[in-house]
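Novice: Pasting in a structure now, in structure tokens, and then I'll have a few things to ask.
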Amino acid sequence: MKLREHRSFVRFWIASTTSNFGTYITTLALQVLVVSNLGGSAVDVGWVSASRWLPYVLLGLIAGVLVDRFHRKIVLVVTDMGRGIIFAFICLFAVKGVLSIGWLMILLVLFGAMSLFNDVAHRSFVPQLVPRPLLTRAYARLEQSAAVAETGGPAIGGGLVSWIGAPFALLVDAVSYLFSGVLMASVKHQPSDKVKAGPLGQQIKEGLKWVYQHPYLRTLALNTHVWFLFHSMTMTVLVSFFLIKLGFDASHLGFALAAAGVGAVAGTSLSTRAGERFGVGRAMAFSRILYAPAVIVMALAPAANNFDPLNIALIYAVVGQLLYGFAMGIEGPLEVGYQQYITPSHLHGRMNATMRSINRSVIVIGAPLGGAIADGLGFLTALWISIAGLALCGLWFSLSSMRKARIEDDEI
């Protein structure tokens, strides 16, 4: 049976794609809002980015328990609506001239709390829409649409910011979340059995034990936590590097970031076949190795001058983003599909919350750390530190037992 024959999944996929487009518009619009509208520095960009992920530190493990106890569709609808309302308020405050870095961080903490519950429910909801043999393909389709959004979102966002300004670009994202919530409410599904209420600490412990005592999940989790530290440093520094050091404007930045989406589309298109031919572990190891070379290309981009015009720097940025996005596209569907496949359904929420909350918690450290290093030691020093960390993650993953992980060929 093909995925398109599962109508509930198709509705879910459309809703997810819509909100993904809005998210990538927002990612660029928020960064431009901080640097251009609010006069922020690289450290400010890092703190604003970190505030969005702070709830993952405080509530991440609890979210997994709660999502396992409640109907996941309700969680998805409520959090989509809530995120739309929050971005509408950010636009309103910016237009009124009362928005500051502090207020933006507070609103993004609320947004992050909504996103936390939505993320956990989103990944855990797919097994209720498609049978297990189609899980990896379903996640591949979701990753592909996310990659398309990553391709078009920054370009659209750059154009919108240049045309109507960053605050109104955020309003576009608000509408996308509200539309996603309405469409998600129409999805029909077969609810899984709710987890019996028990001591909160005991249920959190069960989720942690499953992730960190599993022979493969443990390695995957720990390696990914470290990867997120250096990934968040890289992304924070790159935005300021492009805008300040290389002299990009919003449209140049959007074009460069969109290249990562093009790479991700190519990667997700090959992801399932790579898993079938080489195994999930080896295909993911290949991806982890690619990240450091991709950032090296971007770090070598020359600042614009009489001898090296801006378009030369843009070429370096685009090539680096293409490689980076391609690596993420290859490993994304395989990683998520593998996690859901080997985890019992009653632990899906807690497993996803454990993995995602700690990954996002690391961003709270990595994003401001990257900004602080860039402000104190320079953009290039910060980028080379990130490159060293990403290279270490690739080597570690390639030499670990995780490279042997597989899903049966007929289940990919």
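The values are calculated or read from the model by the stated rules, or taken from the named source; none is laboratory data. Small disclaimer: the values here were computed from a predicted structure and weren't measured. A quick note on method: Cβ atoms are made from the backbone with ideal geometry, for glycine too, and the neighbour counts reach across all protein chains shown. Accessible surface areas use protein heavy atoms only, side chains included; no ligands, DNA or RNA. Shrake-Rupley method; radii C 1.70, N 1.55, O 1.52, S 1.80 Å.
Novice: Report Val109's accessible area, 1.4 Å probe, all protein chains in place, as a number in Å² to the nearest 10.
Specialist: Accessible surface of Val109 is approximately 50 Å².
Novice: Could you work out the mean projected area of the convex hull around the alpha carbons of the stretch 214-253, in square nanometres to one decimal? It would help to have the intermediate numbers written out before the result.
Specialist: Working: hull surface 13.3 nm².
If you wrap the Cα atoms of the stretch 214-253 in a convex hull and average its projections, you get 3.3 nm².
Novice: Could you check which residue among Ala327, Ala313, Ala63 shows the biggest mean-square fluctuation in a GNM of the chain with a 10 Å Cα cutoff?
Specialist: Ala313
Novice: Probe 1.4 Å, all protein chains in place: accessible area of Thr79 in Å², nearest 10?
Specialist: Taking all protein chains as shown, Thr79 has close to 10 Å².
Novice: With no solvent and one point on each alpha carbon, what is the Debye value of log10 I(q)/I(0) for the stretch 34-97 at q = 0.21, 0.25, 0.27 Å⁻¹?
Specialist: Results for the stretch 34-97 at q = 0.21, 0.25, 0.27 Å⁻¹ read -1.01, -1.13, -1.17.
Novice: Okay, moving on. Suppose each label sits 7 Å from its Cα in the direction of the beta carbon; what would the Trp163-Tyr212 distance come out to in nanometres?
Specialist: 4.9
Novice: Could you work out which residue, out of Leu220, Leu253, Leu270, moves most in a Gaussian network model of the chain, that is, has the largest mean-square fluctuation with Cα springs under 10 Å?
Specialist: Between Leu220, Leu253, Leu270, it is Leu270 that shows the largest mean-square fluctuation.
Novice: In whole Å, largest first, what are the principal axis extents of the Cα atoms in the chain?
Specialist: Principal extents (largest minus smallest coordinate, Cα): 62, 49, 40 Å.
Novice: Comparing Gln340, Gln31, Gln128, which has the greatest mean-square fluctuation in the GNM of the chain with Cα pairs linked when under 10 Å apart?
Specialist: Gln128
Novice: Could you state the orientation-averaged shadow area of the convex hull built on the Cα atoms of the stretch 232-308, in nm² to one decimal?
Specialist: Details: hull surface 24.6 nm².
Projected over every direction and averaged, the Cα hull of the stretch 232-308 covers 6.1 nm².
Novice: Starting from a Cα-only point model with no solvent, please compute log10 I(q)/I(0) by Debye for the stretch 161-287 at q = 0.09, 0.15, 0.22 1/Å.
Specialist: One equal scatterer on each Cα of the stretch 161-287 leads to -0.54, -1.24, -1.20.
Novice: Taking the alpha carbon gyration tensor of the stretch 16-62, what are the square roots of 5 times its eigenvalues, largest first, to the nearest whole Å? Could the numbers behind the result be given before it?
Specialist: Values: eigenvalues 94, 66, 5 Å².
For the stretch 16-62, the semi-axes come out at 22, 18, 5 Å.
Novice: Sticking with this structure for a sec: Just from the alpha-carbon atoms, what are the Rg and Dmax of the stretch 315-412 in angstroms?
Specialist: Every Cα atom of the stretch 315-412 included, Rg and Dmax give 17.0, 52 Å.
Novice: What 222 nm value per residue comes from the helices of the chain, counting each DSSP H run with n ≥ 4 as -39,500 (n - 2.57) and dividing by all residues, nearest 500 deg cm²/dmol?
Specialist: On the way: 13 runs with 325 residues, N = 412.
When only DSSP H runs of four or more count, the value is -28000 deg cm²/dmol.
Novice: Can you give me the distance in nm between label points at Arg273 and Lys205, each placed 7 Å from the Cα along the Cα-to-Cβ direction?
Specialist: So the label points at Arg273 and Lys205 sit 4.9 nm apart.
Novice: Let me ask something else. Using alpha-carbon positions, what is the distance between the centroids of the stretch 257-294 and the stretch 346-412, in Å?
Specialist: Centre-to-centre distance over Cα atoms comes out at 15 Å.
Novice: Helix by helix, which DSSP H runs in the chain go 24 Å or more along their axis at the Cα atoms and have an average Kyte-Doolittle hydropathy of -0.5 or more?
Specialist: 7-32, 42-69, 72-96, 101-125, 135-164, 166-185, 217-240, 250-278, 280-299, 310-342, 348-377, 379-399
Novice: Could you list the square roots of 5 times each eigenvalue of the Cα gyration tensor of the stretch 50-166, that is, the equivalent ellipsoid semi-axes, sorted largest first and rounded to whole Å?
Specialist: On the way: eigenvalues 169, 86, 25 Å².
Working from the Cα gyration tensor, I get semi-axes of 29, 21, 11 Å.
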